[in-house]
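Here's the structure we're looking at; comments come further down.
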Amino acid sequence: MGDILCTGSAEPVGTAIDLAILAEEAGAALYRGPLVSTAVGGPLLTVAGSGAVDGALLGAGITGLTGHRGGDGVRVNGTAEPVWELDGAESIVGELSIDGERTVVVLNRDTPGVTATELDGLDPSRSLGRVEFVDAVPDVVITGATALAALRRRGDLVVAAELLGVAQRTFDQTLDYVAGRIQFGRTVGSFQAIKHRVADLLTQVELTRSAVYGAAWQLTTAPESPRTDTDLAIAGAMAADTATAVTRAAVQLHGGIAITWEHWAHRYLRRAHSVVALTGGAPRYRRRLAELVDLEDGHRD
């Protein structure tokens, strides 16, 4: 598992397809560990000579962080919230602007000037927190458009595959439920309205699977191709829509029992909506897709 998440060598142990499979299974199991932060930061840290990262990741839409270079190196200031997977994290991985240049920084949680506070979130199966930086000195500073693009691509793939796993597991368990639940003397799944609803959900899940693994294949075979970025944007948008739609439907198809927070369907609903909220969801990927289409049209002109 660590080789797939953190490989950054010239001859990687695992491909992007392996990473997608791992992330899908993690989503299906509501994995509590640092999957996203390790998958995103691990390869860059390995290349930088810092080994694998067992850390936390700054969420989407982080503002208020600043960095500057001085005679004694880079220093980071500001407050980051939300921070993913903070519980038990040894390092914190984030992207910010330093002197106008997009930069990835990695800071040890025990670094002077770093104060981490754990917070309650919508999804109790994934830890969140707030981190304050006061003249904190990063352990690793990585710049360059190529490195940052690689980070974002892996992050987009992991999130899309995780949401696919959430959707698939939710669909499978819901199908089992409606096939066995007796109401009005017959199984719930035998009613035509339920059949149509389940068929629509299956179609949505399978289309998303094709999009996610198509993007994983592109990332494996042509990691820097414009087609890869397009496929990742499509996969991200579809996975966000599908995970939220399937988990909402699961709650409805289970009836009142699924409204309780302890019920498995409610836990998957929380994971799906939490991931979507923290990553920007389908609108973010659609904006990215529109930008890529405009860029491609500009090149044709």
(Q) Quick check on my filter: what residues within the stretch 227-258 are among the hydroxyl-bearing types (Ser, Thr, Tyr) and crowded, with 19+ Cβ neighbours inside 10 Å? (A) Thr228, Thr242, Thr244, Thr247
**Q.** Single match in Leu119, Leu151, Leu107 (criterion: loosely packed, with under 15 Cβ neighbours inside 10 Å, in contact with an Asp or Glu (Cβ under 9 Å, 6 or more places away or on another chain) and at pLDDT below 90)
**A.** Leu119
Q. For the stretch 68-95, what are the residues that are within 25 Å of the chain's Cα centre (by Cα) and without any contact (Cβ under 8 Å) to a residue 40 or more places away in the chain?
A. Glu90, Ile92, Gly94
Q. Are there any pairs with C-beta distances below 6 angstrom linking a residue in the stretch 17-32 that is in a helix (DSSP H, G or I) to a residue that is hydroxyl-bearing (Ser, Thr, Tyr) and surrounded by 21 or more Cβ atoms within 10 Å (Cβ to Cβ), with the two at least 6 apart or on different chains, and if so which?
A. none
Q) Between a first residue in the stretch 225-244 that is more than 18 Å from Ala149 (Cα to Cα) and a second residue that is outside any helix (DSSP H, G or I) and not acidic (Asp, Glu), which pairs have beta carbons less than 9 Å apart while being 6 or more apart in sequence or on different chains? A) Ala240/Gly280
Q. Are there any pairs, at least 6 apart or on different chains, whose C-beta atoms fall under 6 Å, with the first in the stretch 122-136 and among the β-branched types (Val, Ile, Thr) and the second at pLDDT 90 or above and surrounded by fewer than 22 Cβ atoms within 10 Å (Cβ to Cβ), and if so, which?
A. Val134/Gly113
Q: Considering each of Pro138, Pro112 in turn, give the residue that is under 24 Å from Asn77 (Cα atoms) and at pLDDT 90 or above.
A: Pro112
Q: Check Phe184 against each of (1) modelled with pLDDT of 90 or more; (2) on the phi > 0 side of the Ramachandran plot; (3) not β-branched (Val, Ile, Thr) and name the one condition it does not meet.
A: (1)
Q: Would you mind stating whether Val158 is modelled with pLDDT under 90, at negative phi and either buried (at least 19 other Cβ atoms within 10 Å of the Cβ) or in a helix (DSSP H, G or I) (or both)?
A: no
Q) Among the residues of the stretch 104-141, which ones are under 21 Å from Arg152 (Cα atoms) and charged (D, E, K, R)? A) Arg126, Asp139
Q) Does the stretch 46-59 contain at least one residue that is surrounded by fewer than 23 Cβ atoms within 10 Å (Cβ to Cβ), modelled with pLDDT of 60 or more and not assigned by TED's automatic domain parsing to the domain that holds Glu162? A) yes
Q. Looking only at residues in the stretch 178-211 that are more than 11 Å from Leu253 (Cβ to Cβ) and touching a residue at least 24 places away in the same chain (Cβ under 8 Å), which one is surrounded by the fewest Cβ atoms within 10 Å (Cβ to Cβ)?
A. Leu207
Q: Please state which one of Val141, Val134 is surrounded by fewer than 19 Cβ atoms within 10 Å (Cβ to Cβ), of a type outside the set (Lys, Arg), outside any helix (DSSP H, G or I) and more than 23 Å from the chain's Cα centre (by Cα).
A: Val134
Q. Within the stretch 215-226, restricting attention to residues that are of a type outside the set (Gly, Ala, Ser) and in contact with a helix residue (DSSP H, G or I) (Cβ under 6 Å, 6 or more places away or on another chain), which residue is surrounded by the most Cβ atoms within 10 Å (Cβ to Cβ)?
A. Leu219
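The values are calculated or read from the model by the stated rules, or taken from the named source; none is laboratory data. Owing to the predicted nature of the structure, the values given are computational and were not obtained by experimental measurement. No Cβ is skipped: glycine too gets one built from the backbone with ideal geometry, and neighbour counts run over all protein chains shown.
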